[in-house]
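*Asks:* Mind looking over this structure? Questions follow.
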Amino acid sequence: MSLFDLPLDELRDYRSRSVEPEDFDAFWSKTLVEAGSHDLDARFELRTGTGLATVDVYDVTFAGFGGHPVKGWFVLPAGTTEPLPVVVEFIGYGGGRGLAHTHLLWASAGFAHFVMDTRGQGSGWLVGDTADPVGSAPSYPGFMTRGIEDPHTFYYRRVFTDAVRAVEAARSHPLTDAARTAAVGVSQGGGITLAVGGLIPDLAAIAPDVPFLCDFPRALTVTDRNPYREVGNYLKTHRGRAERARATLSYFDGVHFAARGRAPALFSTALEDMTCPPSTVFAAFNAYAHRDKAIEVYDFNDHEGGGPFQQAVQLGWLPGKLRG
């Protein structure tokens, strides 16, 4: 594959044309207030017989959007007795929380690690355990068009709310230091990370890798890969509804959450990424409000991005942000 997007020097100056809704903050404030009317009811059940000697694993359930039960994993270095900084992780598109032994990195580095399951997903590559009990109007197969004609019914309103509640759940455990909380994620997980970074004012750091759900006006026209293409396929059938769909998506654009970012941030992008094109990632990075921000660029990679190389960068960067 060759480069298909803007040259790197233009990417560094690129700005999105996404128009922020006038009631963006009011919409999200009301959404989170409504979610807060439900008891968080975070439950941590120690898993035994995992075969894992270096970590303690907890099966987590908490109340997300609408009070719906959301699953997760909570992983600690074995024998932890004092509060640790906590890394909250969000999963890529189609995946769920998976099996506990697949989440060893952050606990191995000495952090508490909270992994949120993604409602309704977990059947594409990592298995999930959380249902999405909310129905929607007709939608194209996938998640991008579920409830797309109204921001109140759009699927990602529920997911982003779950994510905020996941941070609250992680912070509620006595072995986490709430003041030292980071959010991380790849692809969809990176987009969720940006949303959390814009909705929670006191995170210590965020690390969105090759983030999805950014700069919808460009993403929907510059790539024909799913998941963005799901929207195009929906509008191909539902002619004349593009304006309404774009209006809904503007409430969920990572560019607007980035403009509210109040924590140090480490982004990554790949210049041959046709799933989350680099211009859409730079749109969020360039809009990111906090001065302490950096972006790793992987010249010859597609959506796999930096993979383990980016994890190594994070392992060098994050401890300094979560230092007590």
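*Asks:* Compute the FRET efficiency between Leu315 and Arg241 as 1/(1 + (r/R0)^6), taking r as their Cβ-Cβ distance and R0 = 41 Å, and round to the nearest 0.05. Please report the intermediate quantities before stating the final value.
*Replies:* Values: r = 45 Å, r/R0 = 1.10.
E(calc), rounded to 0.05, equals 0.35.
*Asks:* Cα centroid distance between region 111-157 and region 24-64, in Å?
*Replies:* 16
*Asks:* Hey, what did region 1-80 get for relative contact order, percent, Cα under 8 Å, at least 6 apart? Mind dumping the intermediate values first?
*Replies:* On the way: 79 pairs, mean separation 17.7, N = 80.
Relative CO of region 1-80 lands at 22 percent.
*Asks:* What does a probe at Asp224 reach in region 292-324, counting residues whose amide N is under 20 Å from the point 7 Å along Cα→Cβ?
*Replies:* 302-303
*Asks:* Roll a 1.4 angstrom probe over the protein heavy atoms and tell me the percent of accessible area of the chain that is carbon or sulfur.
*Replies:* Numbers: 6860 of 13230 Å².
Exposed carbon and sulfur together represent 52 percent of the surface.
*Asks:* May I pose another question? Placing +1 on the Cβ of each Lys and Arg and -1 on the Cβ of each Asp and Glu in the chain, which of Cys214, Pro77, Gly110 has its Cα farthest towards the positive end of the resulting dipole?
*Replies:* Comparing the listed Cα positions along the dipole, Cys214 ranks first.
*Asks:* Then there is this: For region 88-214, which semi-axes, largest first and in whole Å, follow from the square roots of 5 times the eigenvalues of its Cα gyration tensor? Before the final figure, lay out the partial values.
*Replies:* Working: eigenvalues 124, 53, 32 Å².
Values for region 88-214, descending: 25, 16, 13 Å.
*Asks:* Right, here's the next one. Could you grab the relative contact order for region 240-295? Cα pairs under 8 Å, six or more apart, rounded to a whole percent.
*Replies:* The value is 43 percent.
*Asks:* Taking every DSSP beta bridge with both residues inside the chain, roughly what % is antiparallel (nearest 5)? Please list the in-between numbers first.
*Replies:* Values: 18 of 41 bridges.
In the chain, DSSP labels about 45 percent of beta bridges as antiparallel.
*Asks:* Can you give me the accessible area per residue for region 1-124, using a 1.4 Å probe, in Å²? Don't skip to the answer; put the middle values down first.
*Replies:* Working: 5960 Å² over 124 residues.
Per-residue accessible area for region 1-124 comes out at 48 Å².
*Asks:* Would you mind calculating the relative contact order of the chain from Cα pairs under 8 angstrom and at least 6 residues apart, reporting the percent as a whole number?
*Replies:* Relative contact order for the chain comes out at 18 percent.
*Asks:* With runs of 4+ DSSP H residues as the only contributors, calculate the mean residue ellipticity of the chain at 222 nm using -39,500 (n - 2.57) per run, divided by the residue total and rounded to the nearest 500. Spell out each step's value before the answer.
*Replies:* On the way: 11 runs with 105 residues, N = 324.
Estimated from H runs of four or more residues: -9500 deg cm²/dmol.
*Asks:* Set the Förster radius R0 to 51 Å, insert the Cβ-Cβ distance between Val19 and His101 as r into 1/(1 + (r/R0)^6), and round the FRET efficiency to 0.05. List each step's numbers first, then the result.
*Replies:* Numbers: r = 45 Å, r/R0 = 0.87.
Computed FRET efficiency for Val19 and His101 comes out at 0.70.
The values are calculated or read from the model by the stated rules, or taken from the named source; none is laboratory data. Just so you know, these numbers come straight off a predicted model, no measurement behind them. Reconstructed Cβ throughout: ideal geometry from the backbone, glycine too, with neighbour counts over all protein chains shown. Heavy atoms of the whole protein, side chains included, go into the accessibility calculation; ligands, DNA and RNA do not. Shrake-Rupley method; radii C 1.70, N 1.55, O 1.52, S 1.80 Å.
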